[in-house]
Amino acid sequence: MRQLLLEVFGWLGYLERPEVLLQLVLVVGLMLGTRLARRRRLIPGWPSLAYAPLGLSALGVVTLALAAFGQPYGLCRQLGIIWLGWYGLHLLHPLLLRWLPEERVHQLESRLLRPGFLLVSALALIKEVDSVNDLAVTRLGDVFGVSISTGELFKAVVVIYLVLVGCGPPAAALAWLVQRAVGLSDGSRKAMELMLRYAVVGIGLVAVAVQLGLNTTALIAVAGGLSVGLGFGIKEVFSNFVSGIWLLFEGSVRPGEVLMLDGDPCEVRHLGLRATLLWRDRDNAELLIPNQTFFTEAATSYTASDRMRRSQVSVGAAYHHEPAEVIALLEATAQQVPRVLANPAPKALLLSYGDSAINYALRFWIANPMDNVGICSEVNQAIWHAFKAHNIEIPFPQQVEYSMVWPPEQHKPNTEHR
């Protein structure tokens with residue numbers, strides 16, 4: 001490690017040279033100027049991506065000027081190529097959207113294309129100030145009695161990252177093929193996909209450890225340390241991990257399922273290693289619920305077999321209206337609401353006799369539980385207009401106030417209306 005630090009500090013001597021500082025100042029100034037011009041829209045009517053070619057053109061002119069005056073220009077050229085490549089990634093984005101969904105394009109860019117480009121750019125810049133081969137054989141230290149160099153560590157990190165990032169699509173494809181061949185459910189397919197990813201990651205980590213030269217005794221020591229950690233520090237994480245695998249195989253909590261949480265319908269978006277991601281429609285909130293919660297607390301599902309749900313609204317009508325007419329009007333009104341299912345048919349019921357009104361309930365079925373609140377609002381508005389059109393009164397509690405004499409024994413009840 002000391003030798004590597006000496007190599008890095010040696011780069012500072014290169015950066016202190018006046019001609020190098022001049023190139024850095026020119027390139028950084030052009031980049032910041034281009035960014036500022038794009039943000040403030042200094043050229044009206046120009047799209048955002050049109051400012052980068054302008055900055056690159058200015059950098060090309062600067063590079064030619066340095067070459068014409070006999071000044072070093074290698075760093076300007078190298079940074080210009082990197083800038084041009086980064087601009088090319090932006091141009092590649094709309095092309096990728098033609099073939100892949102937006103979410104996949106974002107994952108591909110953020111996890112593979114941009115990190116890979118930055119890594120190649122860093123190696124190119126290091127090559128300008130030092131020898132990459134000499135840096136690769138720099139000894140960092142000993143791990144479990146095995147000497148580790150910079151090149152070996154770099155290769156190990158790259159392989160581990162590629163395994164973590166690249167194991168998803170092959171695992172998903174293999175799980176899909178098994179589902180087609182055997183007839184697994186979607187929950188079992190997702191569980192198999194997750195298990196395949198874990199298996200590939202585990203095999204990749206062991207392969208990297210063997211490539212570095214770690215012996216089996218060292219690996220057993222690491223596994224023992226992890227087991228102690230599971231027993232003390234991360235047992236909750238391990239419990240949530242096992243719960244997530246079990247939920248996937250069982251199929252009780254699947255992506256797309258609608259669960260009731262604190263009285264609100266929430267849709268399962270993703271079942272992760274530690275927690276399940278739920279989406280609540282009323283405030284567009286995403287909730288992270290630990291996986292083991294579904295084993296310790298009861299949960300109501302509205303999509304275990306299908307997404308149909310029975311909903312209900314309550315309303316009161318005055319006593320002088322015929323209950324049969326009110327029930328028929330409620331059922332006919334519900335059938336006129338577009339998002340209320342015609343089959344099963346809506347059903348109105350007389351629930352009870354209240355102090356001021358007869359209480360009715362209108363029960364109906366909807367296709368999506370996440371739309372329950374909005375559909376109930378539509379049904380209530382339809383009932384209001386139907387009652388108004390048929391002169392059906394919705395009463396409310398009323399009280400009559402009158403004065404009393406003192407002492408109470410001399411008070412006579414009001415009987416004039418009799």
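Computed values, structure above
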{"item": "Residue among LEU135, LEU64 that is assigned to a helix (DSSP H, G or I) and exposed (fewer than 15 other Cβ atoms within 10 Å of the Cβ)", "result": "LEU64"}
{"item": "Test result for LEU84, assigned to a helix (DSSP H, G or I), in the same structural domain as LEU49 (by TED's automatic domain parsing) and aliphatic (A, V, I, L, M)", "result": "yes"}
{"item": "Qualifying positions in the stretch 316-375 - assigned to a helix (DSSP H, G or I), aliphatic (A, V, I, L, M) and over 40 Å from the mean Cα position of the chain (by Cα)", "result": "ALA324, VAL326, ILE327, ALA328, LEU329, LEU330, ALA332"}
{"item": "Failed criterion for ILE392 (all others in (1) assigned to a loop (DSSP other than H, G, I, E, B); (2) under 26 Å from ARG282 (Cα atoms) hold)", "result": "(2)"}
{"item": "Lone unmet requirement of (1) in the same structural domain as VAL258 (by TED's automatic domain parsing); (2) closer than 30 Å to VAL242 by Cβ for ASP283", "result": "(2)"}
{"item": "Check on VAL105, over 30 Å from PRO72 (Cα atoms), at pLDDT 80 or above and surrounded by 14 or more Cβ atoms within 10 Å (Cβ to Cβ)", "result": "yes"}
{"item": "Answer from LEU66, LEU91, LEU49, LEU125 - the residue that is under 30 Å from GLY29 (Cβ atoms), in contact with a Pro (Cβ under 9 Å, 6 or more places away or on another chain) and in contact (Cβ under 8 Å) with a residue 40 or more places away in the chain", "result": "LEU66"}
{"item": "Residues being of a type in the set (Ser, Thr, Tyr) and modelled with pLDDT under 75 - total across the stretch 108-137", "result": "1"}
{"item": "Condition broken by PRO255, with the remaining ones in (1) more than 16 Å from the chain's Cα centre (by Cα); (2) part of a loop (DSSP other than H, G, I, E, B); (3) under 20 Å from ARG189 (Cβ atoms) satisfied", "result": "(1)"}
{"item": "Test: ARG363 is buried (at least 16 other Cβ atoms within 10 Å of the Cβ) and not aromatic (Phe, Trp, Tyr)", "result": "yes"}
{"item": "Residue check for ALA173: exposed (fewer than 14 other Cβ atoms within 10 Å of the Cβ), modelled with pLDDT of 75 or more and either assigned to a helix (DSSP H, G or I) or of a type in the set (D, E, K, R) (or both)", "result": "yes"}
{"item": "ILE148 touching a residue at least 12 places away in the same chain (Cβ under 8 Å) and touching an Asp or Glu at 6+ places or on another chain (Cβ under 9 Å)", "result": "yes"}
{"item": "The stretch 70-91, residues that are under 16 Å from SER121 (Cβ atoms) and touching an Asp or Glu at 6+ places or on another chain (Cβ under 8 Å)", "result": "GLY74, LEU75, GLN78, LEU89"}
{"item": "Residue count for the stretch 179-194, restricted to those that are among the aliphatic types (A, V, I, L, M), farther than 22 Å from ARG104 by Cβ and surrounded by 13 or more Cβ atoms within 10 Å (Cβ to Cβ)", "result": "1"}
{"item": "LEU15 being loosely packed, with under 14 Cβ neighbours inside 10 Å, among the aliphatic types (A, V, I, L, M) and at pLDDT 85 or above", "result": "no"}
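The values are calculated or read from the model by the stated rules, or taken from the named source; none is laboratory data. Every value quoted in this text rests on a predicted model; they were computed, and no experiment measured them. Methodologically, a virtual Cβ is constructed for each residue, glycine included, from the backbone with ideal geometry; neighbour enumeration extends over all protein chains shown.
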